[in-house]
Amino acid sequence: MDTSAEKLEPKLMDRSETMSMSGDGNPDVKVGPIPGVVYCLSALPIMWPFQLMSGWVCLNPNEAVAITHCGEVTSLKTRPGCYPVLCAGSEHRRVSTKQTAANLEAIKVVDAVGAPVMVSAIMNYQVVDPLRAMYSVNNYHENVMVNAQAVLKMVVGQYSYNELKSQTERINESLRTQMEPTVTRSGVHTISM
């Protein structure tokens, strides 16, 4: 059975959602100055022992930490080491920037000719924008997994079973290119799928 080249070209879905961004493409979450009230509280002599004991952030390799003071992001640390931090009104959020492999459970999808097919996938991804991963979505890993299943269903539905078996490289590339715009808003880069 000879199929036309048009049928094998994957359809591109517009899965982008409007997200409040500044002109440079970064999310509205920006690193700002430490609020003055934090300096005032840290200057009190009663706070000095607390500052010496708990005013440090230790960062491991392949990790990023965002430090907030009074609800405002004041620092983003990405290099390993220990850093002094004013402890009054501070909160720390961590995210791993290691490459992660995720297994998509087998799901039943109807292929291009209407036959049900059981498919699963393994996806490799990495956090490349820690601020987006921490603040643009509720849970970046869950966001990636849900979007990966949706893209898997959509792409597999465009091919017949025989095409799925014979054109794996093309289908894998199609899956990866379809995933990239959906996970960019959560600060993630899809390495392979």
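Scoring residue 58 on the criteria (1) at pLDDT 90 or above; (2) over 20 Å from the mean Cα position of the chain (by Cα); (3) in a strand (DSSP E or B) leaves a single failure, condition (1). Residues of region 57-72 that are out of contact with any helix residue (DSSP H, G or I) (no Cβ under 7 Å at 6 or more places or on another chain) and either buried (at least 17 other Cβ atoms within 10 Å of the Cβ) or closer than 17 Å to residue 130 by Cβ (or both): 57, 58, 59, 60, 61, 62, 63, 65, 67, 68, 72. Those helices (runs of 4 or more DSSP H) of region 96-193 in which 1 or more residues are farther than 30 Å from residue 74 by Cβ, open to solvent by 20 Å² or more (accessible area, probe 1.4 Å) and of a type outside the set (Val, Ile, Thr) occupy 140-156, 161-166, 168-184.
If you filter region 73-95 down to residues that are in contact (Cβ under 8 Å) with a residue 40 or more places away in the chain and not β-branched (Val, Ile, Thr), you find that the one that is most open to solvent (accessible area, probe 1.4 Å) is 93.
The values are calculated or read from the model by the stated rules, or taken from the named source; none is laboratory data. Not measured: the values here are computed from a predicted model. Please note: Cβ atoms are built from the backbone with ideal geometry, for glycine as well, and neighbour counts cover all protein chains shown. Keep in mind that these areas ignore ligands, DNA and RNA; they rest on the heavy atoms of the full protein, side chains included. Shrake-Rupley method; radii C 1.70, N 1.55, O 1.52, S 1.80 Å.
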